[in-house]
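Everything on this sheet refers to the single structure shown next.
Just so it is clear, none of the values below were taken in a lab; they were calculated from the coordinates. Predicted, not measured: the structure shown is a model, and the values here were computed from it. Note that each Cβ is placed from the backbone with ideal geometry, even for glycine, and that neighbours are counted across all protein chains shown.
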């Protein structure tokens, strides 16, 4: 305890130099914590925006432009016979064939392009959730995505006109917001029946087929079964396991999060160098004092502890202040980058503030290790002669 009090006295005597070292630690802790919280919030935001599709397999034609749909421009389509083959190969799992396209949607004086999805009305509840109204039950009518309904101010019962001929359809339901998916993206779209889509656009075949796997442990075997059934001689379809794609994307954003945190860590390393410099100056200035302490019986390890305590106090003060200010820094960073603070106070984000504080304390101790060792190993007689 006496050694710790002695270390605190030395910090007070050289308060300005100590203050500058603390400022460096504060900046470092705020930087690493804020970058860590921002990176984690980014990962959580992307994870939520990408709809939970880990149980989904998407099948689309080999030359067909991907699972997002191409608006009726795909050269090849999945035929009803191929849909039957997919259904037989996946067993009891749900198979949902989908038409995709785009057309002009007219509501009053507003006229703009929107995506269209055509599905069997019985399949819609299997893949989409309802916010208002009812699910589509017949070949007439349509369901509006949440964002499209907001843009056009659509409600249940509203009438919209689709295409150049302005064919009228009545909105029977509003879908819940779904976010970005690897199969369909209905938030800015109208969902109509497959029969209405086929009769209006003369489409034969489907742009994609969505398979909802009930047991996630079977997703690999189901993917293989579809490929074996349709790609026996040549590749006619592409089978996309969305679980793997989602994991790849999240891994990429986790790497970005780690990188941003490392950038913040650089400033803390700079602060460590500042503490090293302060401690080395302190050893040089107090060489005679160290000699006196050693001459009255202080051991090397006790001298070393004095300087380590000084480094620890600087680290504790700087990390404590930095931890408090990190909340403000993280709030500002997340607000500017993501326009939302939803993910700021979740445990996986707040833990980065604790990491930053611990890293700050650890950096301070490491920076004080060599100066403490040097002070402890000074020759007492030579130290007493030092001016």
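Computing FRET efficiency as 1/(1 + (r/R0)^6) for residue 79 and residue 23, where r is the C-beta to C-beta distance and R0 is 56 Å, gives about 0.20.
Classify the chain from the C-alpha gyration tensor, please: rounded if a/c falls under 1.5, else prolate or oblate depending on whether a/b exceeds b/c. Each step should come with its number before you reach the end.
Numbers: a/c = 4.78, a/b = 2.93, b/c = 1.63.
Judged from the Cα gyration tensor, the chain comes out prolate (a/c at least 1.5, a/b above b/c).
Once the Cα atoms of helix 2-13 and of the chain are each reduced to a long axis, what angle between those two axes, in degrees from 0 to 90 to the nearest 10, is obtained? Helix 2-13 sits at roughly 80 degrees to that axis.
Helix 80-89 axis versus longest C-alpha principal axis of the chain: approximately 50°, rounded to the nearest ten. To the nearest ten degrees, helix 242-285 and the longest principal axis of the Cα atoms of the chain are 10 degrees apart. In this calculation the C-beta distance from residue 113 to residue 234 is compared with R0 = 30 Å, giving a FRET efficiency of 0.30.
Cα gyration tensor of segment 173-326, axes a ≥ b ≥ c as square roots of the eigenvalues: rounded (a/c below 1.5), prolate (a/b > b/c) or oblate? All intermediate terms of the calculation are to be shown ahead of the outcome.
Values: a/c = 5.40, a/b = 3.45, b/c = 1.56.
Here segment 173-326 falls in the prolate category.
In terms of other Cβ atoms within 10 Å, 84, 241, 220 run from fewest to most in the order 84, 220, 241.
Helical runs assigned H by DSSP (4 residues or longer) give the chain a calculated mean residue ellipticity at 222 nm of -19000 deg cm²/dmol, each run adding -39500 (n - 2.57) before division by the residue total. What is the Cα centroid distance between segment 329-387 and segment 81-111, reported in whole angstrom? Using only Cα atoms to place each centre, the spacing works out to 55 Å. Counting beta carbons within 10 Å around each of 14, 99 and listing the fewest first gives the order 14, 99. Determine the shape class of segment 55-189: with a ≥ b ≥ c the square roots of the Cα gyration tensor eigenvalues, call it rounded for a/c under 1.5, and otherwise prolate if a/b is greater than b/c, oblate otherwise. Prolate is the answer for segment 55-189, as a/c is 1.5 or above and a/b outweighs b/c. Measuring nothing but how far apart in sequence close Cα pairs (under 8 Å, 6+ apart) lie, relative to its length, segment 56-212 scores a relative contact order of 35 percent. Extension gain, residue 336-residue 126: 0.36 nm per intervening residue step, less the Cα-Cα distance, totals 71.9 nm.
Taken along the Cα-to-beta-carbon direction at a fixed 7 Å, the label points for residue 220 and residue 137 span 4.5 nm.
Take every DSSP beta bridge whose two residues both sit in the chain; close to 80 percent of them are antiparallel.
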